[in-house]
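> Below you will find the structure I want to go over with you.
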Amino acid sequence: MQLRKLSAGFGAESEAFGAPFQEVWDAFFAAQVLVMRGLRLTARQFLEFACRFGRPEPHVIDQFHHPEHADILILSNRNTNGEPAGLADAGTYFHTDYSYLEVPARCTMLYSIEVPRKGGDTLFADQYAAYDDLPASMKRRIENLAALHHYGNRDDLDRSSRTVASVLTEDQEEKLAWVKHPLVRSHPVTGRKALYAVSGSSFGIEGMAENEALGLLDELKRHATQDKYQLRLKYGVGDLVIWDNASLLHSATLTAPEDPRTLWRITVKEESKK
Ligand SMILES: [Fe+2]
């Protein structure tokens, strides 16, 4: 499988959609972001590829599931007959997917259907490197801490804002509870330590006063989202992008509402802890 690096640190592009799966798997976890450009996939082909990585879990926002395949979430700012065709403005802040669930996401895949003239890039931040660079004193301080997670964006809880976590219905909210994850997490596949979800759904730290916990989380977030850890990904039509949620934070970037954009998304969970 031929790979081209997307940055000095991480990310790779490859044309080998049909390569032996073990090679795709290894290349993916080594690169953290794997991009395959200009494919022409049906929803079924996209789903079949995703299932090789593990079990997809439909998003809690169930009103925008693909009509034939509920595991596919439609991200779109289009309107059809006055109704939104998909979820718009999702995840425009640094977070990692499903960190608000007990078993979080292994990887998320986006297949690009329609690309806006401007914007719509995805930003990724390398949480292996962010962890490695911490001073030894900070590594010791956070080594055994557990962060408390809940659906939402710690930095924006205003339901009318475009950068709030996508607003849930009451029924959807009822399905979600508080969960705990280590702040420093050994990657379930590679074993490497990474900072985990210091931005996004982390709202506290177990056994720590709220002010102190938020101060520490914010300090770690500022460190972990510095430009030097980031990669900006631009999409073309037919691009398939897979990212590793255990070693990255990511953020969508806003687009003009009148500039059409559509993607299909599948999120695959880590193995259950049982
Ligand atoms: Fe996301």
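Throughout, read-outs are computed from the coordinates displayed, never taken from laboratory work. Since we're looking at a predicted model, the values are computed, not measured. In this analysis, Cβ positions are derived from the backbone assuming ideal geometry, glycine residues included, and neighbour counts consider all displayed protein chains.
> Just want the ordering: W243, W264, W178, W25, from fewest to most Cβ atoms lying within 10 Å of their own Cβ.
Ranking W243, W264, W178, W25 by Cβ neighbours within 10 Å, fewest first, gives W178, W25, W264, W243.
> So for E13, E23, E68, fewest C-beta neighbours within 10 Å to most, what's the order?
E68, E23, E13
> Placing +1 at every Lys and Arg Cβ and -1 at every Asp and Glu Cβ, with all other atoms neutral, what dipole size does the chain have around its Cα centre, in debye to the nearest 20?
740 debye
> Debye sum, Cα scatterers, the chain, no solvent: what log₁₀ I/I(0) at q = 0.08, 0.09 1/Å?
-0.31, -0.39
> Right, here's the next one. Under 8 Å for C-alpha pairs, at least 6 residues apart: give me the relative contact order for the chain, rounded to a whole percent.
Once divided by the residue count of the chain, the mean separation gives 35 percent.
> Here's a follow-up. For segment 255-262, in order, what is each residue's ³J(HN,Hα) by Karplus, 6.51 cos²θ - 1.76 cosθ + 1.60 with θ = phi - 60°, in whole Hz (x at glycine and Pro)?
Here the 3J(HN,Hα) series is 10, 5, x, 8, 9, x, 8, 9 Hz.
> Please list, in order along segment 264-270, the HN-Hα scalar couplings obtained from phi with the Karplus expression 6.51 cos²θ - 1.76 cosθ + 1.60 (θ = phi - 60°), rounded to whole Hz, x for Gly and Pro.
9, 10, 10, 10, 9, 7, 5
> A follow-up question, please. Bin all alpha-carbon pair distances of segment 1-115 at 10 Å intervals from 0 and give each bin's fraction as a whole percent.
Using 10 Å bins, I get a P(r) of 11, 39, 37, 11, 1 for segment 1-115.
> How do V164, V268 rank when sorted from fewest to most other Cβ atoms within 10 Å of their own Cβ?
V164, V268
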